[in-house]
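Structure first, then comments.
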Amino acid sequence: MKKAELTGTQRTIKILQLLLILVPFTLPLWASSEYYVHSILGRIFIYTILVVSLDLVVGYIGDISIGHAGLFAVGAYTMGILNSTAAANAGSTMHIFLEWPFLPSLIVAVIVTGFFGFLLGFPSLRTSGPYLAVTTIAYGLIIYTFINEQEGLTNGTKGIQMAPLNFFGIGFNDNKFIWIVYPFLLLVMYFKSNLSKSFWGRAFEAIKFSNIAAESSGISKVRFKLTAFIMSACIAGLAGALFTHLDSYIAPNTFSMDFSVLALMALIFGGVRSTFGNIIGMALVVILPDLFTWFKDYRLMVFGILLLLTLFFLPNGLAGLFRKHFPKLFEKPKPIFTASDRSKIEFKMEECKDGHTPLDLDQVEMRFGGLVAVNKLSLKVLPGTIHGLMGPNGSGKSTTVNVITGLYNQTTGVVNAFGKSIGKLKPHERAQMGIARTFQNLQLFGDLTVLENVQVGLHKHYKSSFFAVLLGLPSVGREEKEKQIEAYRLLEFVGLETLANEQAKNLAYGQSRRLEIARAMALKPKLILLDEPAAGLTTLEINEFNQIILKIKSAGIAVLLIEHHMDMMMKISDEITVLDFGKKIAEGKPRDVQANPEVVKAYLGAEGAINA
């Protein structure tokens with residue numbers, strides 16, 4: 001795989017971007033204004049680190065947090081308690097001054113805040129939307145109340161005075177403070193960039209768009225949501241720890257709920273999932289009150305109006321506006337696959353060779369209160385076969401698929417796959433075993449490209465560690481290229497290779513159905529469940545789908561096909577099971593099932609024949 005060579009304009013843009021990044025390092029050497037460099041620019045950099053932390057939760061996971069001021073406060077007060085001195089706080093009511101050096105204090109502040117983020121992450125596993133937002137508000141208020149009232153630990157409303165920051169006899173309480181803050185900002189943005197371009201970033205995006213589809217692709221919602229909140233908290237704690245030395249003083253009023261709201265506004269102004277947006281959004285929040293003296297008294301009202309205008313006219317924030325008018329500045333290189341690249345890597349499908357039955361349902365029952373959706377169902381799907389599952393609407397077909405994939409836990413009975421009982425396994429654990437599925441209602445990740453959607457399906461096959469991804473090690477880049485080629489080969493399998501770099505939300509309906517199959521096949525499954533894959537397709541598209549499904553069968557993969565199209569079921573199924581009101585009424589070869597009186601009655605309501 002190779003990338004398109006940079007044009008002269010693109011090279012110039014890259015050089016200008018590099019020079020722009022280096023400029024802040026030079027400011028302490030020639031800028032004399034301590035107010036604008038240390039106070040204003042330093043504040044923008046620290047607050048931008050906080051916005052980056054918020055972006056991980058809001059932009060990538062899709063959860064709303066209005067309590068990040070609390071996490072910011074945890075980092076600040078941990079640094080204050082560890083790094084401040086008794087001499088700097090003469091007359092203080094605080095009992096603890098450990099007087100640790102700056103760097104150990106910073107590390108501990110990050111770790112402690114990460115633990116608070118871990119605790120905050122648990123509510124996100126069960127709540128979302130406004131309910132989670134209210135939970136984060138309460139979390140922030142609890143922290144604010146604690147630091148305000150625990151005078152023996154935090155000095156209460158009097159605050160903590162920090163000692164001058166020195167390294168090797170050099171003071172950093174003036175413009176040179178930029179040399180400490182700015183590298184941390186670049187490091188955080190580098191980590192965020194590496195994460196967003198990796199399989200971790202795609203997992204976050206997948207969870208945001210559809211928890212169900214993400215888990216069915218082998219992604220653990222618990223693991224990735226908790227990791228996102230812990231990372232977000234660690235970064236917020238880093239920002240808070242640095243903030244203690246900005247004014248050499250911290251007090252509770254800095255960390256009120258207003259500050260959380262302003263951080264969220266800055267993120268929305270700038271645009272989520274955008275490094276440039278994080279900086280420009282927070283710059284506006286910091287600079288506007290400084291430019292206009294009257295602004296401070298009405299800032300929440302004015303920012304509220306600006307927020308409404310942004311949401312209405314600029315849903316992607318200012319970064320989206322710049323991206324629209326200056327696309328070359330934000331253009332991401334698209335992978336190009338040569339014949340040589342494709343010949344090096346072949347996507348190998350897996351088949352059930354251990355003699356175990358891929359799927360064996362034994363007297364499975366699924367009840368919802370008094371409703372029996374699946375009634376004592378026994379069913380076997382053999383390796384390398386297509387087993388059809390038919391029935392009128394409401395007969396329990398999709399419920400059966402959801403029981404098999406773990407979205408529902410059966411009320412009674414046993415679900416066996418590959419010789420093991422899987423009734424207690426989570427959906428992502430079943431996917432990792434080799435059980436893949438598509439959905440009756442499309443579940444694609446619209447903002448990801450077609451290629452990236454398939455790469456989400458490849459998730460369990462990535463081997464790079466989390467820290468290798470953060471550091472952007474060369475091995476991570478090599479693995480990413482290999483998986484891109486594997487994903488491309490799967491797009492060739494379903495006939496979508498020419499649309500590899502197109503966003504999934506721009507696909508036609510039939511193309512979206514193919515993409516779901518490609519993503520499911522990326523798991524390298526031994527059993528694939530196709531839930532009405534031909535729904536809404538033309539006769540020509542159905543015939544093409546038949547060929548794709550037969551190719552899957554020829555690879556030795558077991559297929560459970562749920563479909564209403566009788567012609568399709570009769571042509572490609574090796575065996576068919578028919579449900580009616582959750583109960584199996586017929587099973588056997590297609591011709592035998594077609595002639596079964598109970599099947600005819602269930603479909604037509606009277607004696608007759610079903611046209612093949």
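Which of the residues that make up region 412-453 are touching a helix residue (DSSP H, G or I) at 6+ places or on another chain (Cβ under 9 Å) and among the hydroxyl-bearing types (Ser, Thr, Tyr)?
Thr438, Thr449
Let me confirm something: among Val74, Val58, which residue is part of a helix (DSSP H, G or I) and under 21 Å from Ser274 (Cβ atoms)?
Values: Val74 fails: under 21 Å from Ser274 (Cβ atoms).
The conditions single out Val58.
Looking at region 62-83, I want the residues that are in contact (Cβ under 8 Å) with a residue 40 or more places away in the chain and have a partner that is not in a helix (DSSP H, G or I) with Cβ atoms under 6 Å, at least 6 apart or on another chain. Which pairs are those?
As it stands, the answer is Ala76/Thr244; Ala76/Ile250; Met79/Thr244; Gly80/Ile160; Gly80/Thr244; Gly80/Ile250; Ile81/Ile96; Asn83/Trp100, since those pairs meet every condition given.
What pairs come out if I take residues in region 360-382 that are assigned to a strand (DSSP E or B) and pair them with residues that are exposed (fewer than 14 other Cβ atoms within 10 Å of the Cβ) whose C-beta lies under 6 Å away, six or more apart or interchain?
From region 360-382, the pairs are Glu365/Thr412; Lys376/Gln363; Ser378/Gln363.
Go through (1) surrounded by 16 or more Cβ atoms within 10 Å (Cβ to Cβ); (2) at pLDDT below 95; (3) of a type in the set (Asp, Glu); (4) within 23 Å of Phe224 (Cα to Cα) one by one and return the number of the condition Glu452 breaks.
(2)
Among Val286, Val302, which is assigned to a helix (DSSP H, G or I), among the β-branched types (Val, Ile, Thr) and touching a Lys or Arg at 6+ places or on another chain (Cβ under 8 Å)? If you could, list the steps in order and put the result at the bottom.
On the way: Val302 fails: touching a Lys or Arg at 6+ places or on another chain (Cβ under 8 Å).
Val286 is the lone residue from the list that is assigned to a helix (DSSP H, G or I), among the β-branched types (Val, Ile, Thr) and touching a Lys or Arg at 6+ places or on another chain (Cβ under 8 Å).
Sort out which residues of region 124-155 are surrounded by 16 or more Cβ atoms within 10 Å (Cβ to Cβ), at pLDDT 90 or above and not aliphatic (A, V, I, L, M), and write them in order of number.
Answer for region 124-155, where residues must be surrounded by 16 or more Cβ atoms within 10 Å (Cβ to Cβ), at pLDDT 90 or above and not aliphatic (A, V, I, L, M): Thr135, Thr136, Tyr139, Gly140, Tyr144, Phe146, Asn148, Thr154, Asn155.
Can you find a residue in region 211-218 that is out of contact with any Pro (no Cβ under 8 Å at 6 or more places or on another chain), surrounded by fewer than 21 Cβ atoms within 10 Å (Cβ to Cβ) and modelled with pLDDT under 95? If you could, list the steps in order and put the result at the bottom.
Taking region 211-218 first, the residues out of contact with any Pro (no Cβ under 8 Å at 6 or more places or on another chain) are 211, 213-214, 217-218.
With surrounded by fewer than 21 Cβ atoms within 10 Å (Cβ to Cβ) added as a condition, the list becomes 211.
Add one more test, that the residue is modelled with pLDDT under 95, and what stays is 211.
Looking for residues that are out of contact with any Pro (no Cβ under 8 Å at 6 or more places or on another chain), surrounded by fewer than 21 Cβ atoms within 10 Å (Cβ to Cβ) and modelled with pLDDT under 95, one finds at least one in region 211-218, hence yes.
Which residue, of Tyr182, Tyr144, is over 23 Å from Phe102 (Cα atoms), within 31 Å of the chain's Cα centre (by Cα), aromatic (Phe, Trp, Tyr) and part of a helix (DSSP H, G or I)?
When all the criteria are applied, what remains is Tyr144.
Among the residues in region 561-569, are any of a type in the set (Val, Ile, Thr), touching a Leu at 6+ places or on another chain (Cβ under 8 Å) and assigned by TED's automatic domain parsing to the domain that holds Gly446?
First, pick out the residues of region 561-569 that are of a type in the set (Val, Ile, Thr): 562.
Still in the list and also touching a Leu at 6+ places or on another chain (Cβ under 8 Å): 562.
After this cut, where a residue has to be assigned by TED's automatic domain parsing to the domain that holds Gly446 as well, the list is 562.
Yes, because at least one residue in region 561-569 is of a type in the set (Val, Ile, Thr), touching a Leu at 6+ places or on another chain (Cβ under 8 Å) and assigned by TED's automatic domain parsing to the domain that holds Gly446.
Can you pull out every residue in region 577-601 that is over 14 Å from Leu377 (Cβ atoms) and either under 43 Å from the mean Cα position of the chain (by Cα) or loosely packed, with under 15 Cβ neighbours inside 10 Å (or both)? Quick ask: steps written out before the conclusion?
First pass over region 577-601, keeping only residues over 14 Å from Leu377 (Cβ atoms): 588-601.
Answer for region 577-601, where residues must be over 14 Å from Leu377 (Cβ atoms) and either under 43 Å from the mean Cα position of the chain (by Cα) or loosely packed, with under 15 Cβ neighbours inside 10 Å (or both): Gly588, Lys589, Pro590, Arg591, Asp592, Ala595, Pro597, Glu598, Lys601.
Here are Asn543, Asn501: which of them is polar (S, T, N, Q), in contact with a Ser or Thr (Cβ under 7 Å, 6 or more places away or on another chain) and surrounded by fewer than 17 Cβ atoms within 10 Å (Cβ to Cβ)? Working first, answer last.
On the way: Asn543 fails: in contact with a Ser or Thr (Cβ under 7 Å, 6 or more places away or on another chain).
None of the others qualify; the one that does is Asn501.
Could you give every pair whose Cβ atoms fall below 7 Å, whose first residue belongs to region 573-596 and is assigned to a loop (DSSP other than H, G, I, E, B), and whose second residue is charged (D, E, K, R), counting only separations of at least 6 or pairs across chains?
Lys589/Glu575
Confirm whether Thr113 is among the polar types (S, T, N, Q), over 30 Å from Ala487 (Cα atoms) and at pLDDT below 95.
Taking the combined requirement at face value, the residue does not satisfy it.
In region 210-224, how many residues are over 18 Å from Pro123 (Cα atoms), touching a helix residue (DSSP H, G or I) at 6+ places or on another chain (Cβ under 6 Å) and part of a helix (DSSP H, G or I)?
So the answer is 3.
Can Val112 be described as under 27 Å from Asp447 (Cβ atoms), in contact with a helix residue (DSSP H, G or I) (Cβ under 7 Å, 6 or more places away or on another chain) and in contact (Cβ under 8 Å) with a residue 12 or more places away in the chain? Break it down into steps so the answer makes sense when it comes.
Numbers: under 27 Å from Asp447 (Cβ atoms): no; in contact with a helix residue (DSSP H, G or I) (Cβ under 7 Å, 6 or more places away or on another chain): yes; in contact (Cβ under 8 Å) with a residue 12 or more places away in the chain: yes.
It is false that Val112 is under 27 Å from Asp447 (Cβ atoms), in contact with a helix residue (DSSP H, G or I) (Cβ under 7 Å, 6 or more places away or on another chain) and in contact (Cβ under 8 Å) with a residue 12 or more places away in the chain.
Just one of the numbered conditions (1) surrounded by 21 or more Cβ atoms within 10 Å (Cβ to Cβ); (2) not in a loop (DSSP other than H, G, I, E, B) is not true of Ile107; which one?
(1)
Can you find a residue that is aromatic (Phe, Trp, Tyr) and within 28 Å of the chain's Cα centre (by Cα) anywhere in region 86-101?
Our first condition is that a residue be aromatic (Phe, Trp, Tyr); within region 86-101, this holds for 97, 100.
Narrowing further to those that are within 28 Å of the chain's Cα centre (by Cα): none.
Looking through region 86-101, none of the residues is aromatic (Phe, Trp, Tyr) and within 28 Å of the chain's Cα centre (by Cα).
Being out of contact with any Cys (no Cβ under 8 Å at 6 or more places or on another chain) and either surrounded by fewer than 20 Cβ atoms within 10 Å (Cβ to Cβ) or not assigned by TED's automatic domain parsing to the domain that holds Leu141 (or both) is true for just one of Ala236, Ala241, Ala266. Which residue is that? If you could, list the steps in order and put the result at the bottom.
Working: Ala236 fails: either surrounded by fewer than 20 Cβ atoms within 10 Å (Cβ to Cβ) or not assigned by TED's automatic domain parsing to the domain that holds Leu141 (or both); Ala241 fails: either surrounded by fewer than 20 Cβ atoms within 10 Å (Cβ to Cβ) or not assigned by TED's automatic domain parsing to the domain that holds Leu141 (or both).
Checking each option against the conditions leaves just Ala266.
Residues are listed down the side, and each one gets a yes or a no for (1) among the hydrophobic types (A, V, I, L, M, F, W, C); (2) buried (at least 16 other Cβ atoms within 10 Å of the Cβ); (3) in contact with a helix residue (DSSP H, G or I) (Cβ under 9 Å, 6 or more places away or on another chain):
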{"residue": "His68", "(1), (2), (3)": "no, yes, yes"}
{"residue": "Leu71", "(1), (2), (3)": "yes, yes, yes"}
{"residue": "Val74", "(1), (2), (3)": "yes, yes, yes"}
{"residue": "Gly80", "(1), (2), (3)": "no, yes, yes"}
{"residue": "Ala87", "(1), (2), (3)": "yes, no, no"}
{"residue": "Ala90", "(1), (2), (3)": "yes, no, no"}
{"residue": "Met94", "(1), (2), (3)": "yes, yes, yes"}
{"residue": "Phe102", "(1), (2), (3)": "yes, yes, yes"}
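In region 409-422, what count of residues is obtained for those that are free of Cβ contacts under 8 Å to residues at least 60 places away in the same chain and either among the polar types (S, T, N, Q) or surrounded by 17 or more Cβ atoms within 10 Å (Cβ to Cβ) (or both)?
Of the residues in that region, 9 qualify.
Output the qualifying pairs, or none if there are none: Cβ atoms under 9 angstrom, residues six or more apart or on different chains, first residue in region 295-318 and farther than 22 Å from Ser274 by Cα, second residue of a type in the set (S, T, N, Q).
none
Restricting attention to region 454-467, and to residues there that are part of a helix (DSSP H, G or I) and in contact with a helix residue (DSSP H, G or I) (Cβ under 8 Å, 6 or more places away or on another chain), which single residue is farthest from Tyr408 (Cα to Cα)?
Looking only at region 454-467, we keep the residues that are part of a helix (DSSP H, G or I), and these are 454-457, 459-461, 466-467.
Then drop every residue that is not in contact with a helix residue (DSSP H, G or I) (Cβ under 8 Å, 6 or more places away or on another chain), which leaves 454-457, 459-461, 466.
Working: Val454: 25, Gln455: 26, Val456: 23, Gly457: 21, His459: 23, Lys460: 22, His461: 26, Phe466: 31 Å.
In this case the residue turns out to be Phe466.
The values are calculated or read from the model by the stated rules, or taken from the named source; none is laboratory data. Here the structure is a predicted model, which is why all the values come from computation and not from measurement. With ideal geometry, Cβ positions are generated from the backbone for all residues, glycine too; neighbour counts draw on all protein chains shown.
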